[in-house]
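A quick write-up on the structure given underneath.
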Amino acid sequence: MHTQVHSQSRARGGLIAWACLTVAIVAEVAGTSFMADAARHGGHLGYVVMAVALAISYYFLALSVRAIAVGVAYAVWEGLGLTLLTLVGIFVFKDSLSVQQMIGLVMAAVGIVCVTLGEEHAA
């Protein structure tokens, strides 16, 4: 019985860690998007939003590494952030990508999947 309760507690902690990592990724994408907007269009408000969002991102990234290996958490945070920011660049800022850049992003996404699937999960 104790083992089952401990296992459920670890699983719940893992879910919370992944939720924290998700918040960290969203905050990173928001902060970096505001930075890009402020750099392109001027204004200090974008930099203030960027600083707050990136601080939130690092805080939640730190919370996530309580239950996720730091290398895995950082790889997922950086990789998904990169992918989402690329989409923001394309759809919001009208950036374009070369074929080589698109191939690189696909390779990064495959790497993220491999790293994430390799993370030990509580039974």
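The values are calculated or read from the model by the stated rules, or taken from the named source; none is laboratory data. Only a predicted model underlies this, so the values are computations on that prediction, with no experimental measurement involved. In this analysis, Cβ positions are derived from the backbone assuming ideal geometry, glycine residues included, and neighbour counts consider all displayed protein chains. The area values use the complete protein model at the heavy-atom level, side chains included, leaving out ligands, DNA and RNA. Shrake-Rupley method; radii C 1.70, N 1.55, O 1.52, S 1.80 Å.
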Looking at the range 93-106, can you tell me whether even one residue there is in contact with a helix residue (DSSP H, G or I) (Cβ under 9 Å, 6 or more places away or on another chain) and in contact (Cβ under 8 Å) with a residue 24 or more places away in the chain? yes
Which of the residues spanning the range 17-44 are open to solvent by less than 70 Å² (accessible area, probe 1.4 Å) and hydroxyl-bearing (Ser, Thr, Tyr)? THR32, SER33
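Name the one entry in TYR74, TYR47 that is of a type in the set (Phe, Trp, Tyr), at pLDDT below 95 and surrounded by 13 or more Cβ atoms within 10 Å (Cβ to Cβ). Step through it out loud before you land on a result.
On the way: TYR47 fails: at pLDDT below 95.
Going through TYR74, TYR47 in turn, the sole match is TYR74.
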For the range 95-123, which positions are open to solvent by 80 Å² or more (accessible area, probe 1.4 Å) and of a type in the set (Asp, Glu)? GLU120
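In the range 78-94, what count of residues is obtained for those that are open to solvent by less than 60 Å² (accessible area, probe 1.4 Å) and more than 12 Å from THR32 (Cβ to Cβ)?
We begin by selecting, within the range 78-94, every residue open to solvent by less than 60 Å² (accessible area, probe 1.4 Å); these are 79, 81, 83, 85-86, 88-90, 93.
If we keep only those that are more than 12 Å from THR32 (Cβ to Cβ) too, we end up with 79, 83, 90.
Qualifying residue count, the range 78-94: 3.
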Would you please name the residue that is nearest to the chain's Cα centre (by Cα), looking only at residues in the range 50-68 that are exposed (fewer than 15 other Cβ atoms within 10 Å of the Cβ) and more than 23 Å from GLU119 (Cβ to Cβ)? ALA55
